[in-house]
Amino acid sequence: MKSSRIFEDMDLRNKPSIDAGRLWERHRDLARIGATAGGGVNRQALSPEDGAARNLVLRWSAERGYEAQLDPIGNLFVRRRGIREELSAVMTGSHLDTQPTGGNYDGVYGVLCGLEAMEALDDAGVSTERSIELVVWMNEEGSRFRPTTMGSAVSAGQLQLAEMLRVRDRAGVTVEKALAEHLALLPRLEHRALGTRGYAYVEAHIEQGPVLENAGMRIGIVEAIQGLYAYEVEVTGFEAHAGTTPNRGRRDALIAAMSLIENLRQLLVDEEDQVRFTVGRLEVLPGSPNTVPGKVLFSIDLRHPDEKRLKRMDERILAACEGTVEGCVIRCRQVLASGPVHFDQGVLKILQHATRSRGEHFLRMVSGATHDAKYVAANTPSAMLFIPCAGGISHNEQESITQADAGIGAQILCDVLLDLAIQAEAGQSNSPRSRVPAD
Ligand code: HGY
Ligand code: MN
Ligand code: MN
């Protein structure tokens with residue numbers, strides 16, 4: 001193995017190169033697991049498909065001799081050992097679970113870029129002082145089990161393990177039971193305690209919005225993630241016969257829910273079009289055409305970059321979701337209150353330097369989507385890298401990226417992970433630093 005020290009001032013031509021073809025092929029391999037007729041993928045957290053996707057990544061990792069561990073909430077860690085195991089690891093990662101009609105790149109891209117970067121270092125015969133760890137976070141999407149980014153939030157101590165293990169999917173299966181089933185699908189893995197603290201964390205992801213494409217840019221450097229508050233609302237009316245019950249006597253939970261949602265939409269409307277208010281799930285019970293609905297359950301996903309605004313909107317939502325509407329009783333429960341997060345300046349500078357070194361321009365961005373990096377950032381200096389996706393379309397089977405963009409993003413991630421992993425000063429609490437002067 002070459003000594004990593006010589007890479008400190010390495011000529012670009014001698015830096016390890018990622019294999020864009022291999023990276024692309026692996027996207028195709030993962031796209032087959034849980035493939036939908038519409039060209040996308042449905043890989044719910046802890047489902048058999050999620051297990052199969054993780055097994056494939058584990059197989060590729062084992063072929064390289066990387067070690068794997070699993071923590072109590074099901075986050076998977078794959079480690080490429082460094083020379084000095086006592087130093088904190090440089091981390092990267094993302095997720096393999098998807099939306100029900102998800103695309104082939106959301107999450108997968110970050111996982112495969114991390115693996116590709118580690119393999120590129122192997123291929124170049126490079127050893128690093130620090131270990132590099134790839135994390136496959138559990139239930140990032142939050143579509144089977146609410147809330148989103150569950151695995152990273154539990155790992156960071158911002159959601160409680162015991163409480164999250166009790167969360168049920170719509171079929172009534174708990175996270176705890178699904179995890180036990182998931183474990184049975186995986187090879188035996190070393191146990192890892194909760195709590196992640198690395199030297200740095202860098203996550204690659206597709207943008208999931210149109211900003212980079214519209215600007216004609218290939219790289220976004222993500223400086224912050226907007227805040228996200230999430231709620232479950234329950235509207236309770238009274239089941240009645242659709243043919244015999246006069247309108248005046250009805251307590252129709254769907255009519256009440258519709259009125260409440262429209263009221264919330266009006267309350268949260270903003271001139272700048274920055275508020276993101278979404279009711280993505282609505283369940284009408286008992287769900288029979290000739291029974292007046294007795295219960296409606298719906299979700300609220302509320303996002304904004306400014307925490308004060310979020311708090312004010314939170315008060316409005318809770319006030320509107322109190323008492324009765326159309327004779328029906330409203331109950332609202334907040335399931336997530338996650339403020340905006342700003343990433344680490346040191347890691348951001350390293351990302352900027354690596355991007356420029358590859359001759360690329362970049363946009364500084366605030367992420368509208370949430371990501372596991374948001375929680376990792378609580379204990380580990382973190383930042384993110386975006387590449388464009390066609391038309392900004394995401395959470396959609398049509399999600400699409402180019403092989404060239406995928407490759408340049410992976411190469412920059414590889415350069416950044418190497419830069420971080422050769423930083424080996426004593427005093428591991430030192431922040432990652434850029435060797436280039438500030439802009
Ligand atoms: O909800 C989100 O922003 C993420 O895609 N889970
Ligand atoms: Mn994602
Ligand atoms: Mn997503």
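The values are calculated or read from the model by the stated rules, or taken from the named source; none is laboratory data. Nothing here was measured: the structure is a model prediction, and the numbers come from that model. Counting neighbours? That spans all protein chains shown, and the Cβs are built from the backbone with ideal geometry, glycine included. With ligands, DNA and RNA removed, areas are computed over all heavy atoms of the protein, side chains included. Shrake-Rupley method; radii C 1.70, N 1.55, O 1.52, S 1.80 Å.
I'd like to check something: does the stretch 264-282 contain any residue that is surrounded by 14 or more Cβ atoms within 10 Å (Cβ to Cβ), without any contact (Cβ under 8 Å) to a residue 24 or more places away in the chain and of a type outside the set (A, V, I, L, M, F, W, C)? The answer is yes; a qualifying residue exists. No other residue among 62, 68 is more than 16 Å from ligand 1 (Cβ to nearest atom), open to solvent by 10 Å² or more (accessible area, probe 1.4 Å), under 19 Å from residue 29 (Cα atoms) and outside any loop (DSSP other than H, G, I, E, B) apart from 62.
The set of residues in the stretch 189-210 being open to solvent by 30 Å² or more (accessible area, probe 1.4 Å), more than 16 Å from ligand 2 (Cβ to nearest atom) and modelled with pLDDT of 95 or more consists of 189, 190, 191, 192, 193, 194, 210.
Here the condition is being under 17 Å from residue 30 (Cβ atoms), within 13 Å of ligand 2 (Cβ to nearest atom) and either among the basic types (Lys, Arg) or touching a residue at least 60 places away in the same chain (Cβ under 8 Å) (or both); of 119, 141, it holds for 141 alone. With the structure loaded, tell me whether residue 293 is under 27 Å from residue 100 (Cα atoms), open to solvent by less than 40 Å² (accessible area, probe 1.4 Å) and touching a residue at least 12 places away in the same chain (Cβ under 8 Å) or whether it fails that test. So residue 293 fits the description; yes. When the residues of the stretch 163-198 are filtered to those that are under 22 Å from the mean Cα position of the chain (by Cα) and acidic (Asp, Glu), the one that is nearest to residue 68 (Cα to Cα) is 176. In the set 157, 220, 216, only one residue is without any contact (Cβ under 8 Å) to a residue 24 or more places away in the chain, small (Gly, Ala, Ser) and within 29 Å of residue 385 (Cα to Cα); that residue is 216. Among the residues of the stretch 315-328, those that are surrounded by fewer than 17 Cβ atoms within 10 Å (Cβ to Cβ) and not basic (Lys, Arg) comprise 315, 318, 319, 322, 323, 324, 327. Tell me, yes or no, whether the stretch 82-92 has at least one residue that is touching an Asp or Glu at 6+ places or on another chain (Cβ under 8 Å), within 16 Å of ligand 2 (Cβ to nearest atom) and either part of a strand (DSSP E or B) or not hydroxyl-bearing (Ser, Thr, Tyr) (or both). Yes, the stretch 82-92 has at least one match.
Taken over the stretch 28-57, the criterion of being closer than 22 Å to residue 167 by Cα, without any contact (Cβ under 8 Å) to a residue 40 or more places away in the chain and assigned to a loop (DSSP other than H, G, I, E, B) is satisfied by no residue. Helices (runs of 4 or more DSSP H) fully within the stretch 108-224 that include at least 3 residues being within 16 Å of ligand 1 (Cβ to nearest atom): 108-123, 150-155. Pairs under 8 Å by beta carbon, first residue farther than 16 Å from residue 215 by Cα and in contact (Cβ under 8 Å) with a residue 12 or more places away in the chain in the stretch 345-369, partner assigned to a helix (DSSP H, G or I) and of a type in the set (S, T, N, Q), six or more apart or different chains? Sorted first by the residue in the stretch 345-369, then by its partner, the pairs are 358/411. Can we say residue 108 is in contact (Cβ under 8 Å) with a residue 24 or more places away in the chain, within 16 Å of ligand 3 (Cβ to nearest atom), open to solvent by less than 10 Å² (accessible area, probe 1.4 Å) and among the β-branched types (Val, Ile, Thr)? The answer is yes for residue 108. Considering 267, 254, the condition of being farther than 30 Å from residue 69 by Cβ and either modelled with pLDDT under 95 or in contact with a Lys or Arg (Cβ under 8 Å, 6 or more places away or on another chain) (or both) is satisfied by 267 alone. Put simply, of 301, 306 the only residue that is within 16 Å of ligand 3 (Cβ to nearest atom), touching a residue at least 24 places away in the same chain (Cβ under 8 Å) and over 16 Å from residue 255 (Cα atoms) is 301. Say whether the condition of being touching a residue at least 12 places away in the same chain (Cβ under 8 Å) and within 16 Å of ligand 3 (Cβ to nearest atom) is met by at least one residue in the stretch 188-203. For the stretch 188-203, residues touching a residue at least 12 places away in the same chain (Cβ under 8 Å) and within 16 Å of ligand 3 (Cβ to nearest atom): present.
Scanning the stretch 329-347 for residues being under 18 Å from residue 376 (Cβ atoms), more than 20 Å from the chain's Cα centre (by Cα) and either open to solvent by less than 30 Å² (accessible area, probe 1.4 Å) or aliphatic (A, V, I, L, M) (or both) gives a total of 1.
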